[in-house]
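The values are calculated or read from the model by the stated rules, or taken from the named source; none is laboratory data. Values in this document were obtained by computation on a predicted structure and should not be read as measured data. Positions of Cβ are generated from backbone atoms using ideal geometry, with glycine treated the same way; all protein chains shown enter the neighbour counts. When the accessible area is computed, the model is the full protein with side chains, heavy atoms only, and any ligands, DNA or RNA have been set aside. Shrake-Rupley method; radii C 1.70, N 1.55, O 1.52, S 1.80 Å.
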Amino acid sequence: MTLIEFAAEPKSAEVTDWAGRLGWVAGLLLFIAFVYWLMRQGWKWRGSLQSGLPELLTVPETPGEARLELSGRYHGSTTAGQWLDRIVAHGLGTRSRVELTLTDAGLAVVRPGANDFFVPAAALREARLDKGIAGKVLAEGGLLIVTWAHGDQLLDSGFRSDHAAEHAAWVEAINSMNTSTTEGTAR
């Protein structure tokens, strides 16, 4: 057989190495699982570092007459003034839907599928519009940030209303309730 005859002969398709492909897919899946496991360990470690944070107050049976109500999303809490230092202790790092109610007694935060909590009026420090909190960045003024004292620590909690036009009324209402001095939380 000459070289020309050999080249003209039809060739069969290359045989797929299924064992090699399955090995690569299994290795990739194990790598992804390992990365998720590391992220979960980091979340648990952050929670253990924040274990000194006191338990959250529960929403009282009768918090009083509602001054304002808001339906939207809770995007998390951070150390006040440090928008990337997420607080994960007591479920404060869990994003969820939220129903906020502002009364003369304080701020009731009801989160379906997550821990509800209550911020007494005396603990409210300020409210402002901002563009971001750990893990969520929006257009300027897209988030309602409420600064409050919990134990000996100041926290910022980020909320986004289903109707963003409501944010300004919340800032005004919370800031008008605040009779104490605001502790430098501006960025």
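Of all residues being among the polar types (S, T, N, Q) and closer than 20 Å to A164 by Cβ in segment 88-106, which is most open to solvent (accessible area, probe 1.4 Å)? Just the residue, please. Give the steps one after another, and end with the answer.
Of the residues in segment 88-106, the ones among the polar types (S, T, N, Q) are 94, 96, 101, 103.
Next, only the ones that are closer than 20 Å to A164 by Cβ stay: 96, 101.
On the way: S96: 10, T101: 32 Å².
Across segment 88-106, the extreme among qualifying residues is T101.
Can you name every residue in segment 60-93 that is of a type in the set (S, T, Y) and touching a strand residue (DSSP E or B) at 6+ places or on another chain (Cβ under 8 Å)? Lay out the reasoning, then the answer.
So in segment 60-93, the residues of a type in the set (S, T, Y) come out as 62, 71, 74, 77-79.
Of everything in segment 60-93, those that are of a type in the set (S, T, Y) and touching a strand residue (DSSP E or B) at 6+ places or on another chain (Cβ under 8 Å) turn out to be S71, Y74, S77, T78, T79.
When A114 is tested against (1) in contact with a helix residue (DSSP H, G or I) (Cβ under 7 Å, 6 or more places away or on another chain); (2) at pLDDT 85 or above; (3) closer than 18 Å to H150 by Cβ; (4) not in a loop (DSSP other than H, G, I, E, B), just one condition goes unmet, and that condition is (4). If you go through segment 58-87 and keep only what is closer than 14 Å to F117 by Cα, open to solvent by 90 Å² or more (accessible area, probe 1.4 Å) and touching a residue at least 60 places away in the same chain (Cβ under 8 Å), you end up with just T58.
Do we find that D156 is under 19 Å from the mean Cα position of the chain (by Cα) and closer than 23 Å to W45 by Cα in this structure?
Details: under 19 Å from the mean Cα position of the chain (by Cα): yes; closer than 23 Å to W45 by Cα: yes.
The answer is yes for D156.
Test A139 against the stated conditions and say whether it is open to solvent by 60 Å² or more (accessible area, probe 1.4 Å) and either over 13 Å from the mean Cα position of the chain (by Cα) or free of Cβ contacts under 8 Å to residues at least 24 places away in the same chain (or both). Working first, answer last.
Numbers: open to solvent by 60 Å² or more (accessible area, probe 1.4 Å): yes; either over 13 Å from the mean Cα position of the chain (by Cα) or free of Cβ contacts under 8 Å to residues at least 24 places away in the same chain (or both): yes.
Spelling it out, A139 is indeed open to solvent by 60 Å² or more (accessible area, probe 1.4 Å) and either over 13 Å from the mean Cα position of the chain (by Cα) or free of Cβ contacts under 8 Å to residues at least 24 places away in the same chain (or both).
With respect to V146, determine if the residue is in contact (Cβ under 8 Å) with a residue 40 or more places away in the chain and surrounded by 14 or more Cβ atoms within 10 Å (Cβ to Cβ). If you could, list the steps in order and put the result at the bottom.
Values: in contact (Cβ under 8 Å) with a residue 40 or more places away in the chain: no; surrounded by 14 or more Cβ atoms within 10 Å (Cβ to Cβ): yes.
So V146 fails the test.
Among residues of segment 114-130 that are closer than 15 Å to D156 by Cα and acidic (D, E), those with a beta-carbon under 7 Å from a residue that is part of a loop (DSSP other than H, G, I, E, B) and open to solvent by less than 20 Å² (accessible area, probe 1.4 Å) at least six positions away or on a different chain give the pairs E126/T185.
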